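See structure below.
The values are calculated or read from the model by the stated rules, or taken from the named source; none is laboratory data. Nothing here was measured: the structure is a model prediction, and the numbers come from that model. Here Cβ is always computed from backbone atoms with ideal geometry, including for glycine, and neighbour counts include all displayed protein chains. Side chains included, ligands, DNA and RNA excluded: accessible areas come from the protein's heavy atoms. Shrake-Rupley method; radii C 1.70, N 1.55, O 1.52, S 1.80 Å.
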Amino acid sequence: MITISRPTPEDAEGMNEVIKLSWYATYVTPEIGVTKEDIDLMYAKSEKGQMEAFRRRAGLSKNDDITLVAKGGEKVIGIIRLVDFPDHIRVRTLYVHPLHVGKGIGTKLWNEAIRLMPSYKPVITYPAEHTKSVDWYKKMGFVETGEKLVGQESMEKSAARLVGIKMIFKRTIERILVMGRSGSGKSILAGRLGEKFGLPVFHMDRLFWLPGWVERPKTEMAIDVEKILVDNKGWVIDGNYRRVALESRIRAADLIIILDFGFLVSIWRVLKRNIIHWNKTRPDMQDDCVERFNFEFVKYIWTYPERTLRPIENDLSRFPEKTVLRFNSQRALDRWMKSL
């Protein structure tokens with residue numbers, strides 16, 4: 001059974017072995033001209049520092065520098081590292097043990113690493129010229145840019161230089177769910193994302209409330225939600241409504257965003273919203289749904305974590321392959337939006 005996880009300090013030796021054996025298998029060819037002696041000499045100089053770096057990064061849960069390993073039992077058989085730079089994400093490392101190439105391990109590593117990377121900047125890599133990795137990256141959706149990167153230093157024995165082919169991958173976002181507390185800014189964020197990616201925006205509140213704050217049967221609402229998912233290639237849907245086609249929304253989504261702002265932030269924003277839309281209806285609501293603020297609504301906002309968020313988190317736990325971004329502050333959200 002193959003598992004994908006963050007490495008531990010004990011995995012450093014296995015990671016180092018995978019990379020070294022991969023270099024032997026990949027670069028010691030007539031086309032590239034690197035020799036086994038070249039690699040041995042290079043490792044003699046850098047192996048100690050590389051091992052220390054592996055141990056230092058192992059176990060870290062950083063979102064801007066993600067390292068994962070693939071294991072067969074306790075043995076490391078693959079490694080990937082993605083680093084988030086100011087204007088792009090770089091594939092710094094992606095190797096699979098030569099005895100396990102062709103088993104889908106590289107694809108599993110890539111899919112999990114890119115799922116965990118919160119940034120949606122372009123991803124850049126430089127696979128070596130004349131290697132099978134170029135074709136593999138193409139299968140993953142990377143395209144060649146026409147640029148090449150020649151190694152600054154020659155190999156010590158052969159004097160060969162590796163030539164990297166610059167390839168780029170742009171992540172697509174076509175189906176986005178936005179959930180969170182009332183007053184957290186779900187509708188505003190949904191509108192911004194819709195504008196950013198040219199996607200239609202659907203507000204669950206607008207589907208549920210009929211004019212004059214009349215509740216609509218949730219069975220009817222679920223039919224409309226399912227129709228939205230089928231009829232639209234892309235969309236942004238904001239709102240919780242756990243009992244209204246939530247599983248279908250989760251299955252269909254490329255990205256799920258949870259705005260987990262505190263109670264005071266949400267209350268302040270609801271009060272501000274009431275002042276701005278005093279005696280009026282918000283754009284994301286049906287006609288004659290004039291803004292209101294009462295004790296029941298305050299209680300609804302206060303009990304959100306246990307009443308709604310925890311059950312939704314349990315639902316999401318059944319879909320570990322989905323990309324879920326959780327923001328605890330407006331600053332973090334704004335920083336992410338700027339990265340798009």
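Tabulated values for the structure
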| read-out | value |
| --- | --- |
| Residues being polar (S, T, N, Q) and touching a His at 6+ places or on another chain (Cβ under 7 Å) - total across segment 30-73 | 0 |
| Residues of segment 320-332 that turn out to be within 14 Å of the chain's Cα centre (by Cα) and either touching a residue at least 60 places away in the same chain (Cβ under 8 Å) or more than 19 Å from ALA245 (Cα to Cα) (or both), as a count | 7 |
| Which numbered condition PRO127 misses (of (1) in contact with a Ser or Thr (Cβ under 6 Å, 6 or more places away or on another chain); (2) open to solvent by 60 Å² or more (accessible area, probe 1.4 Å)) | (2) |
| Wholly enclosed strands (runs of 3 or more DSSP E) of segment 1-85 bearing at least 1 residues out of contact with any Gly (no Cβ under 6 Å at 6 or more places or on another chain) and open to solvent by less than 10 Å² (accessible area, probe 1.4 Å) | 65-72, 75-84 |
| Scan of segment 245-276 for residues that are crowded, with 17+ Cβ neighbours inside 10 Å and among the small types (Gly, Ala, Ser), ordered by number | ALA245, ALA252, ALA253, SER266 |
| Qualifying position, being in a strand (DSSP E or B) and more than 30 Å from LEU271 (Cα to Cα), among GLY106, GLY146 | GLY146 |
| Whichever residue in segment 159-197 is small (Gly, Ala, Ser) and within 20 Å of the chain's Cα centre (by Cα) and, among such residues, is farthest from GLU313 (Cα to Cα) | GLY194 |
| Residues of segment 138-194 that turn out to be open to solvent by 90 Å² or more (accessible area, probe 1.4 Å), modelled with pLDDT of 90 or more and under 19 Å from ARG115 (Cβ atoms), as a count | 1 |
